[in-house]
Each structure stands twice: as structure tokens, then as C-alpha cells.
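The values are calculated or read from the model by the stated rules, or taken from the named source; none is laboratory data. Given the structure is predicted, the values throughout are model-derived calculations rather than measurements. Neighbour counts are summed over all protein chains in view; Cβ atoms, including those assigned to glycine, are modelled from backbone coordinates with ideal geometry. Ligands, DNA and RNA are stripped out before the accessible areas are found, and what is left, the full protein with its side chains, is counted by its heavy atoms. Shrake-Rupley method; radii C 1.70, N 1.55, O 1.52, S 1.80 Å.
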There are 2 protein chains.
Amino acid sequence: MDDGDRILLAHGGGGELTAKLVNNVILAGLGDAATGSLDDAAVIDVPGRIAFTTDSFVVKPLFFPGGDIGRLAVCGTINDLAMRGARPLALSLAFIIEEGLRMSVLKRVVSSVACAAGQAGVKIATGDTKVVERGSADGLFINTSGIGVAPPGVSVSLSLARPGDEIIVSGPVGNHAIAVLAQREGLSFKTTVESDVAPLNRLVTALLDELGTGLHVLNDPTRGGLAMSLNTIAAASGVAIEIDEHSVPVDSAVAFAAEMLGLDVLTLPNEGKLVAVVAAGASDRSKNVLSDAGAHPRTIGRAKKGSGVTLITAGGGRRVLEAPYGEDAPRIC
Amino acid sequence: MDDGDRILLAHGGGGELTAKLVNNVILAGLGDAATGSLDDAAVIDVPGRIAFTTDSFVVKPLFFPGGDIGRLAVCGTINDLAMRGARPLALSLAFIIEEGLRMSVLKRVVSSVACAAGQAGVKIATGDTKVVERGSADGLFINTSGIGVAPPGVSVSLSLARPGDEIIVSGPVGNHAIAVLAQREGLSFKTTVESDVAPLNRLVTALLDELGTGLHVLNDPTRGGLAMSLNTIAAASGVAIEIDEHSVPVDSAVAFAAEMLGLDVLTLPNEGKLVAVVAAGASDRSKNVLSDAGAHPRTIGRAKKGSGVTLITAGGGRRVLEAPYGEDAPRIC
């Protein structure tokens, strides 16, 4: 390419230079992960009910242990679809790039998008690229929107938790936030904490196949963490939720780092974990299929009559677990 | 709201403050234009073939004569769907907001989104809101993605222009770019030029109803303008295109401003115009239905055997009209 190794403002102009950037860097980097030409609009054959979602990603820094903004964007959007019980069908990929970004950075991100899309079995169907002047954006922002097919008969919803239901988390919490924060602040701990960023669609398919209508609620505890997720479910379903603090899985390096940083691990965003609310008695079967799919699930509590989320502490005490108010850790996703 | 009149970083945290922003400002401002709760993923019933598109908007300034970033985002995405012959069904709406943005600015933009969506008859189905620190973005960026239904039997495509076809533009070109540039540079002319930003879906429906398979190509000349649009069509269809320069409609204030700024009006982005390539003999009927729908269409040229785009000048000379290389006018959309 004749544009050297940095993004120019002219790369956003919609002319030949934009076409070169899209063809030589983005489409070439996506390879099989793209459906073809990334037209302004893709046409996709689908039967039935469509799930539709959007997310913008502004994570800082762009690269962190265990992932980067490209992997995060693909997984975040796939996971929003999967949490509605939908099979992801196609993603869009829109870049807002700051003038001067190194071409090699964009290439690494595109390659990571392709890799995550391949892992989840989803194609990029349409895209957009804008460039803004130096100082007008922080390197690179990505929006991924997605459509998925909601299979007939699947009805998972935030409002379907019932008293007696059991609550499962698919693995340890807090890893993504600590990985990003440690990288950003230049902190190092004895053990490097890696982000958990991963597509959850295969875990969801396994759960749906095993439980059918016994799977009541799915949610991924991203911004606001487990605390936000559980409060959202309790409020939407009109139930109380009781969590056993000691049964919430937290890696020791994450617990240590959160303690050092003065952060509550229950409010930290995750990018590769799900909360499932399942019918009474279905938790063992749920954990078996999740384990078979490579997760490390734990039963962490139950739904009851009432309202709000209560944490039963290691010592047997009880405290209310509130939804976080504002922002403990900005630009984690 | 207890957050005063500016956006805080904490508005992006995913906690209660984010919920308040989404409910009190975004959902309240959208009113009937939203399908309901703007869940992480919306589920929509559809039959058949789906068109899917995405666009990010970084226009500077946010407000300009004739429109703003909100109207632009809705219309741009609706128009991408309409250019595939698809009926727009649902939009997503994702904000990246710079900390410190005035709440009143966000409210104006949301209200403008609602108005444009209402005009086009399309709902906002899902959304996302991120906040980045002061200096990390330029006020406000918006991504709108969209899905539409491609009716059976409709096959408009960039590759379907045939020798003998006639080429129509739905109205004068250059207005959007000049309106934004004049506002940004603080230029004033005797006549204020207003942006043409508008949804084109109703014009497309009228054309499809009248012409059926006689409608071969649709394209909206956005970034890169008419020059980019015509070159794209010629290349995709493997035909030559000949344009009569004097028949391309340009408002006199736009022509004057473009001349002053040293810009070629044929390369300037439009946001409410379409190019239609129609079967030989169908141009009068096309112009009639476009006129009835409120447009000011003109036949500007024809497709021939060969390749490339040729401009026949007022004096009868011929020159090649090339696709623009880079960027004449950054951040117009």
C-alpha cells in the first residue's frame, strides 16, 4: 500500500484510499470470517424470529493480557445475542479510527476479530470505517452489532426467575476487569491475570439442549458485574435472590488485585461468564454440560419470594448487595 | 435527575446512573420511536430475507443547517437499507459520549433521532451508551445499525446496470457537504445552504412499485459523492457511464460555495439523494413517481458498452470523471 504505516484522515474519505484500506487491511485480515464484500448492507436469508443487538467498545488500552478490543467487540455482541437464547448469525463491524493510528495496530485488531468470529462460528456481514483527526478519538473505537435467530420454543428472559430456582455462574469472576486495569495502570502482580473474554454461544446451546424450558434466565455480568446482573434479574422477575458469598468463584490473583485496588470483585465487568437461573433440581445437570463445554461452573445461590439481592457472608451474616451506582472502573469494555 | 446538566464518566459505568441516563434521557426522548426497553438484544419477528447494515457518524459540528448528527445517523442507515431495495424494520442506536457533554445537547440529538425515525416509519429496537474521558472523543459519536426486509422478487444491485439504461438523480447534489462545511468554518453566504439529510425509503418504495424489475441499480451518493457512486456502478456492472454535466442539478448557492472553497461538487457527500439506473424508456415514469413523492429528479446520463465514467461538458468536450482518491471534506457524516 502507498499509504505507509499510519492511518491518514484521507483513509476515511470514502474514495480510493478508503477502498484500499477496506480491501487490503480489513477484508484481507478477516479472510473467511467475512461473508464477502462487506457491502453497505448485507442481505441474509433467515426464517423466523431475529434477535438484534449493538455495542460500542472503547476499552483502554487496546491490547491487554488475554485479549484486545477486536476480540472483545466480537465476543460482547455474540454474548448479547446468546443471552436471549439466539444463535448468532451475522455481525457488523464499524471502526472509528484516530488519524495516525499505526496500520500494524489495525491489522492486529482485525486479525483478532477474525479469530474470535471463527471460534464462535459467526461471519462479519457488513462494515463501516470512519477516520477522525488526531486528538478527536482515543486510537480506536469499534461498534459491533449483531443479528441472531431465536429458535422457536426458546423463552429465556430476565423476567422468568421463580422462587426455588437455582443460580449458577459459569466460572470465576473479575478477571477481565483486573486484566485491563492492571495493564492500563502498569501494575504487575506475581501472577498475570488474563481477561476471560470469550464467546458464550456454545455454552448457551449446550444449556438449552440439556434443560429446554428448565433454563429460565441467562445474563452476562458485564458492566456493573455480578451485582448489577443479579439485581437486574431480581427486579425483572419480582423475586429475591440470595447469594452465598463463599461460593462465588474468584481466582486468588484477582481477589488479591481487587483488594489492592480497593475494588469490589462483585461489581467488576466480565466478558466471558454467564449467570444462569435454572429450575429447582436442574443445577447439577447444568453444571455437567457447562463443565463438558470447558467452563468451571458453580451454584452460587437461589431465588426466593421477596425482592432484592442478599449476600450471605462467610461468617453467616447477611448484607444487601446493591447495584453499583456509577463507575468503579471506566473503559473496561 | 441528580446528575446536573453534564455527562459524567460515571454515566457510562453500567450502574444506576447509566440506567437513569438511558431511561430519563434516551428512552424518554425517543418516546414512540423506541420499541420498548432497548434490551441488550431485541427480538423481532420477520419472514424471509433480511438486509443488515451499519454506519458510524462523526460529523463535526454536531448541529448544522437542515439537520444534526441524530437525524444523519437515522437517515444514513435507513438509506443503506433502502438502496438494497429493503424495507427498514428496526434500528440500533449506540452512543459514544465525551465526558462533560451538555445533557441538553444529548437531549436535542435524541429528539432528532425520534423525529427522523418517525418520518421514516422505523423503530429503534436496541441501544448502547458508552462514556469516555474528556479529550478522548469529540463530543459525540453515533453508530446506527439497521435491519430491513428484502421483499421477494426485488433484485436491485450495483451490478445490474446494462447498456442503454438511463441514469437519474433524485435532486440537486452537494447541499449536505456545503451546509456542514459552512457551519464548521464559520462561512456565511447570502443564502444559507441547508443539508438535504432525509430518509429515502419512501422514494424507493414508490420506484419499486412503479418499475418492478425495470429498476436496476440504486445508490446513495454519500462519501465520495456522485463521482464515487457512478464509478462504483460502472465498475460493478461492467459498463461505461456518460453524464451530461449541464443536466446534473446543483443549487446556485451550492455551486457558488463549492467554487469559493475550491471543491468539486461532484465529489461532495449527499445524505438525502439517490441515483437510480433504470431500463431504457423508464426514466419519465421514474421521474413522475419521484416528483409525486416530493423529489426533484433529473435524467443525467446513460449506460453504454465500455468502462469508466465520462463527463460531457457544457461546451461538448469530454473528460473522465474519476473516483476521488482521498478526502476533500473530512467529517461530513
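Since only A:Phe141, A:Pro199, A:Asn219 are under comparison, the one whose Cα sits farthest along the positive direction of the charge dipole of chain A, derived from C-beta charges on Lys, Arg, Asp and Glu, is A:Asn219. Orientation-averaged projection of the stretch B:9-150 equals 8.1 nm² [convex hull of Cα atoms, one quarter of hull surface area].
When the P(r) of the stretch B:142-224 is calculated, the portion above 14 Å amounts to 74% of the C-alpha pairs.
Here is how the number arises for the protein assembly as shown: DSSP H runs of 4 or more residues each give -39500 (n - 2.57), the sum is divided by the residue count, and the result at 222 nm is -8500 deg cm²/dmol.
In summary, the aspartates and glutamates within cross-link reach of A:Lys123, defined as a Cα separation below 12 angstrom excluding same-chain residues under 8 places away, comprise A:Asp32. Note on B:Gln119 and A:Thr313: their simple-model spin labels are 5.8 nm apart, each label 7 Å out from Cα toward Cβ. Computed on the Cα atoms alone, the convex hull of the stretch B:158-320 gives a volume of 105 cubic angstrom per residue. Listed by chain and number, the lysines whose alpha-carbon sits under 30 Å from that of A:Lys305, ignoring those within fewer than 8 places in the same chain, are A:Lys273, A:Lys287, B:Lys20. Shown here is the pair-distance distribution of chain B: with all Cα-Cα distances grouped in 10 Å bins from zero up to the longest one, the shares run 6, 25, 31, 23, 11, 3, 0 percent.
Remark: the B:Arg162-B:Lys304 segment gains 50.4 nm on full extension, using 0.36 nm per residue and subtracting the alpha carbon distance. In nanometres and ascending order, the distances from the A:Gly186 label point to those of the other copies are 3.9 (point 7 Å from Cα along Cα→Cβ). Summed over all non-identical Cα pairs, the Kirkwood treatment of the protein assembly as shown gives a radius of 25.7 Å.
Near B:Gly127, the amide H atoms lying under 5 Å from its own belong to A:Thr54, B:Leu93; only residues 5 or more places off or on other chains count, and H is placed 1.01 Å from N. Directionally averaged projected area (the stretch A:247-333, Cα convex hull): 7.5 nm². Since only A:Ser291, A:Met228, A:Leu263 are under comparison, the one whose Cα sits farthest along the positive direction of the charge dipole of the stretch A:158-320, derived from C-beta charges on Lys, Arg, Asp and Glu, is A:Met228. Taking R0 as 25 Å, what's the FRET efficiency between A:Asn23 and B:Thr213 from their Cβ-Cβ distance, rounded to 0.05? Efficiency, rounded to the nearest 0.05: 0.20.
For A:Gly139, the residues whose modelled amide H falls within less than 5 Å of its own, excluding neighbours fewer than 5 places apart on the same chain, are A:Glu98. Couplings 3J(HN,Hα) of the stretch A:123-135, computed from phi: 9, 8, 10, 7, x, 7, 9, 10, 10, 10, 4, 3, x Hz, in residue order, whole Hz [Karplus 6.51 cos²θ - 1.76 cosθ + 1.60, θ = phi - 60°; x for Gly and Pro]. Give the accessible surface of the protein assembly as shown per residue, rounded to a whole number of Å², with probe radius 1.4 Å and ligands, DNA and RNA excluded. In whole numbers, the protein assembly as shown has 35 Å² accessible per residue.
Database remark: amide H of A:Gly306 closer than 5 angstrom to the amide H of A:Ala240 (H placed geometrically; neighbours at sequence offset of 5 or more, or on other chains; Pro and chain starts carry no H). On a per residue basis, the convex hull of the C-alpha atoms belonging to the stretch A:68-189 measures out at 159 Å³.
Ligands, DNA and RNA left out, the 1.4 Å accessible surface of chain A is 49% carbon and sulfur atoms.
The spacing between the stretch B:221-269 and the stretch A:58-72, judged by their C-alpha centroids, is 40 Å. Computed from the C-beta positions of A:Asn288 and A:Lys107, the FRET efficiency with R₀ = 35 Å rounds to 0.30.
With the alpha-carbon atoms of the stretch A:247-291 aligned to their principal axes, the span from lowest to highest coordinate is 38, 18, 17 Å, starting with the largest.
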